[in-house]
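Asks: Provided herewith is a single structure, encoded as C-alpha cells, for subsequent inquiry.
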Amino acid sequence: MKIFHSIKDFSSTKKTILTLGTFDGVHIGHKKILDKLIQSTLSNEFESLVLTFFPHPRMVLQEKSEIKLLNTIPEKVKLLEAIGIENLVIHPFDESFSRLTAEEFVSTILVDQFRIQKIIIGHDHRFGRNRTADINDLIGFGEKYGFEVEQISVQELDSISVSSTKVRKAIVEGDMCLANNFLGYDYFFTGTVVNGRQLGRTIGFPTANINIKEDYKLIPLNGVYVIKSLLDNKIVYGIMNVGFKPTVGGEELSIEVHYLEYQGDLYGQEVVVSILNYIRPEQKFDSIDLLKNQIELDKAQALSYIQKIK
C-alpha cells in the first residue's frame, strides 16, 4: 500500500476509485464500503484510493471535543493495508480545509488531483463547507465532471447497524464482546513496555507496564481483562488491569499486563495488546493478601475463558 501524508503528494498513472471518511475503527460497516472499493478495482484498470483525515474533524471544529479514537494512525494503516487498499491519503485536517466549498473539493481534489473514475460513499455522507452538500449534490457533480457515484444504501448499512460511536460506547462500558463483534476483530492498542514500581513481581505476578504515547487513543473502562499478544512469534494470553491501583496507593492511570506462561524480558519493546473479555471492575482491597487472592481468581477465570475460545 502506498501512503501519502497530503492530498497534493498523491500521484498515480491510473484513474482512481475512491472512498473517503475518518474510518475510525475500520469496523464491519466500513469494511462493506471498502470491500466494494476493492471489487471495483480487480480489473487493474483503476486503482483503489482511501482518503482519510487526521486530526479527526471533531478535534478541529468542536472546541470542547474530547473525542477519543479507536485507532491511532499506524493502527489504521495496518488495518487498511490488510484489507488490500492500494493507496491511502492521510490529509491534515484544519480549518482552512474545512472551508472548501463542496464544488471546490470535488473539482480541485477529487477530479484534478485524484482523477477519480468513481466514488463509493454511504447514503448519508455530507461534505463541503459546513457539511451542506449531500449525496444528491455529489451525483450532480458526477454528471458535471464525468465520474460515477455509487452509494451504499440505507438498507445495506442498517442491516449491519454499527458505527464508530457505538463501538466507542461499548468499549467505555467494558462490553468487549459487543465492541469486538462490531469491529470484526479484537480491539487492540499498541504501546511500549516501560519500567514501573515492580510491585507485581514482589507478590508473584510480574507485570508489563505499558505506555501508549498517543493521548487520543481510547482506553477501555477501568478494570481487569483477558488479553492476548504476539510475543516471540507466539500468541501469549494474559490478564490486564486498567486503572489507578488503589490498593497500593496509585495516583496515575496505568495499564499493566500479567502474561501467562511467558518468561521473556519485554522492557523497551513495543507490544500489541488485543482485548478479549472484561472480567471485573477495579477494586481497592484492604490488604495485599486479599489482592493476591483476587488475582488468583482473575487468573482462573481468564484461563477458563481462554480454554473456551481455543
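Asks: Which ones in region 295-310 are assigned to a loop (DSSP other than H, G, I, E, B) and hydroxyl-bearing (Ser, Thr, Tyr)?
Replies: Answer for region 295-310, where residues must be assigned to a loop (DSSP other than H, G, I, E, B) and hydroxyl-bearing (Ser, Thr, Tyr): there is none.
Asks: Phe93: in contact with a Gly (Cβ under 8 Å, 6 or more places away or on another chain), modelled with pLDDT of 90 or more, of a type in the set (Phe, Trp, Tyr) and crowded, with 16+ Cβ neighbours inside 10 Å, yes or no?
Replies: No, not satisfied.
Asks: Restricting to region 151-186, count the residues that are part of a strand (DSSP E or B) and modelled with pLDDT of 95 or more.
Replies: 0
Asks: Can you tell me which residue within region 232-252, out of those that are at pLDDT 90 or above and not in a strand (DSSP E or B), is surrounded by the most Cβ atoms within 10 Å (Cβ to Cβ)?
Replies: Once the filter is applied, the top-ranked residue is Asp232.
Asks: Output yes when any residue across region 144-166 is of a type in the set (Lys, Arg) and either surrounded by 15 or more Cβ atoms within 10 Å (Cβ to Cβ) or not assigned by TED's automatic domain parsing to the domain that holds Lys15 (or both), and no when none is.
Replies: Yes.
Asks: Any residue in region 2-23 that is in the same structural domain as Lys78 (by TED's automatic domain parsing) sitting within a Cβ distance under 8 Å of a residue that is in a loop (DSSP other than H, G, I, E, B) and aliphatic (A, V, I, L, M)? List the pairs, counting only those 6 or more apart or interchain.
Replies: Final answer for the pair search is none.
Asks: Take region 291-310 and flag every residue that is more than 22 Å from Pro220 (Cα to Cα) and touching a residue at least 12 places away in the same chain (Cβ under 8 Å).
Replies: Selection gives Lys292 alone.
Asks: Got a number for residues in region 13-56 being under 20 Å from Ala179 (Cα atoms), part of a helix (DSSP H, G or I) and among the charged types (D, E, K, R)?
Replies: 2
Asks: Right, another one. With respect to Ile85, determine if the residue is closer than 20 Å to Asn136 by Cα and buried (at least 20 other Cβ atoms within 10 Å of the Cβ).
Replies: No: the conditions fail for Ile85.
Asks: Is it true that Thr16 is in contact with a strand residue (DSSP E or B) (Cβ under 9 Å, 6 or more places away or on another chain) and at pLDDT 95 or above?
Replies: yes
Asks: Within region 2-25, count every residue that is surrounded by 24 or more Cβ atoms within 10 Å (Cβ to Cβ) and of a type in the set (A, V, I, L, M).
Replies: Residues that pass the stated criteria total 2.
Asks: Of all residues being aliphatic (A, V, I, L, M) and within 19 Å of the chain's Cα centre (by Cα) in region 1-40, which is nearest to Asn130 (Cα to Cα)? Just the residue, please.
Replies: Leu20
Asks: Sticking with this one: So which of Leu69, Leu79, Leu37, Leu61 ends up being farther than 25 Å from Val273 by Cα and surrounded by 17 or more Cβ atoms within 10 Å (Cβ to Cβ)?
Replies: Just a single option satisfies the conditions, and that option is Leu37.
Asks: Taking only region 207-231 into account, find how many residues are outside any strand (DSSP E or B) and not charged (D, E, K, R).
Replies: Of the residues in region 207-231, 8 are outside any strand (DSSP E or B) and not charged (D, E, K, R).
Asks: Next question. Quick one: in region 113-132, of everything that is under 20 Å from Ser98 (Cα atoms) and assigned to a loop (DSSP other than H, G, I, E, B), which residue is modelled with the highest pLDDT?
Replies: Taking the candidates together, the pick is Phe114.
Asks: What number goes with the only condition from (1) more than 26 Å from Asn130 (Cα to Cα); (2) hydroxyl-bearing (Ser, Thr, Tyr); (3) buried (at least 17 other Cβ atoms within 10 Å of the Cβ) that Ser43 does not pass?
Replies: (3)
Asks: Also: Can you list residue pairs whose Cβ atoms sit under 9 Å apart, with the first residue in region 29-47 being in contact (Cβ under 8 Å) with a residue 12 or more places away in the chain and the second being part of a helix (DSSP H, G or I) and surrounded by 17 or more Cβ atoms within 10 Å (Cβ to Cβ)? Count only pairs 6 or more apart in sequence or on different chains.
Replies: Going by the 9 Å Cβ cut-off, the qualifying pairs are Gly29/Leu157; Gly29/Ser164; Gly29/Phe182; Lys32/Leu157; Ile33/Leu157; Leu34/Leu80; Phe46/Ser40.
The values are calculated or read from the model by the stated rules, or taken from the named source; none is laboratory data. Keep in mind that this is a model prediction, so the values were computed, not measured. Neighbour counts run over all protein chains shown; Cβ positions are idealised from the backbone, glycine included.
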